[in-house]
Structure formats: structure tokens, C-alpha cells
């Protein structure tokens, strides 16, 4: 498949107008998201089916977060994102879906009672982290790992305030944590204290307990 070739001057014009699109997405995001504090961002696979234990655990987690005074942010799509929005909205909380436009269109779920649409991943990432008081990471794939390691990097380098980063599902995540300890730590790519940036738990109750202990509403 041949890429479309644009003259240099046309590329410059396109990039200039793209800046206005970027600014518009930031402005809308800032205006809407400033009203949802305090909120917890939940990440996980878009492929998770509604009858799976992970889906049900996520829905339960979102309900508990709302009952404890927190709103919920997700990526606005299917799977774990849908479960998070469903649990939050049905519990009476603000259920935020930050939907991204993709080439293979990912439909937004019906449970987000606050929805924003993004063309640019990096703007969406800013909204996830800027307006969250904690991250909860459910089992997921490359996108979930991307959000996990980005948050760990930002906290490690003091680019953002430290907040709870919680992995739920010891069976799923234990191999990754073992690799961090036996490879990253062993080769001094990270320090011992870097492993304290995140917590590994098995239940929504444990996650909520950590968030309540750490976050002042």
C-alpha cells in the first residue's frame, strides 16, 4: 500500500491546522474532566467478555469505588472498560469514558454517562493521569501494559505526583512482577524502591482499602 506523498509546504499547513485540533481536544478535556474529582482510572483488556470473572470483578470494583466516594474513568470501549463504566453508572457515580477513534473502529460502550472522544492518544493519556487519584490495572494486553509502565515511569521520575498503582489478579500479573525482580532489579535497571510504586492484590476490597488509605478526598 503506497503512502500518500504531500509537498513539504502542504505538510506544514496540515501540521499547523492540526495544532488547532489538538488545542480543541485539550480544552474540551480540561473543561469536562475538572468536574469529576476524585476519580480512579481503571485499565484492562477490551477483549474481556461479560461472563468472565475479570469483567465481574471490574464491575464490582467500580461499584465499591463509587460507594466509597470515587468516580470512575475508563477508556470508554468494550471489555474491562465497559465493566468499569457499568459498575460506576449503576452505582450512581460519574462514569467517564475516554473514547479513542481507531482505524478498526472500537465502539464506545453504553454505560459511560460522561463521554469524551479523542483523535490523539497522547491527549487521552493526559486526561487519564491528570484527573486520577489512583490507577487500577486489570488483566490486559499491550495497551494496558503501556498505561501501566507509563504511570510507573512518570512516578519514578517525579513527573507526576505519586498515587496508588494497583494490579488486580495475582495469577495474571505474578509472572511480570517476578521478571521485574529477577531481571530488571537483578541487572540494576531499577532500584528496590521502584518496586514499591505499585501494589499487587487479588480483590477489589484490597484495592479500595489501599486507595482510601492513601488518598484524601
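The table below lists the values:
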| read-out | value |
| --- | --- |
| Condition broken by residue 45, with the remaining ones in (1) crowded, with 23+ Cβ neighbours inside 10 Å; (2) assigned to a loop (DSSP other than H, G, I, E, B) satisfied | (1) |
| Evaluation of residue 61 against (1) surrounded by 16 or more Cβ atoms within 10 Å (Cβ to Cβ); (2) in contact with a helix residue (DSSP H, G or I) (Cβ under 9 Å, 6 or more places away or on another chain); (3) not in a helix (DSSP H, G or I) (one fails), failing number | (3) |
| Meets criteria (closer than 15 Å to residue 87 by Cα, part of a strand (DSSP E or B) and under 17 Å from the mean Cα position of the chain (by Cα)) for residue 72 | yes |
| Among residues of the range 159-217, those that are under 15 Å from residue 70 (Cα atoms) and without any contact (Cβ under 8 Å) to a residue 24 or more places away in the chain, counted | 3 |
| Only one of 116, 152 that is under 18 Å from residue 196 (Cβ atoms), outside any loop (DSSP other than H, G, I, E, B) and modelled with pLDDT of 95 or more | 152 |
| Qualifying residue in the range 133-153 (condition: surrounded by fewer than 20 Cβ atoms within 10 Å (Cβ to Cβ) and in contact with a helix residue (DSSP H, G or I) (Cβ under 6 Å, 6 or more places away or on another chain)) | yes |
| Residue, surrounded by the most Cβ atoms within 10 Å (Cβ to Cβ), within the range 65-74, restricted to residues that are touching a residue at least 40 places away in the same chain (Cβ under 8 Å) and within 14 Å of residue 138 (Cβ to Cβ) | 73 |
| Among residues of the range 167-217, those that are more than 21 Å from residue 140 (Cβ to Cβ), assigned to a loop (DSSP other than H, G, I, E, B) and either at pLDDT 95 or above or over 19 Å from the mean Cα position of the chain (by Cα) (or both), counted | 8 |
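The values are calculated or read from the model by the stated rules, or taken from the named source; none is laboratory data. Since we're looking at a predicted model, the values are computed, not measured. Don't worry about glycine lacking a Cβ; one is built from the backbone with ideal geometry, like all the others, and counts go over all protein chains shown.
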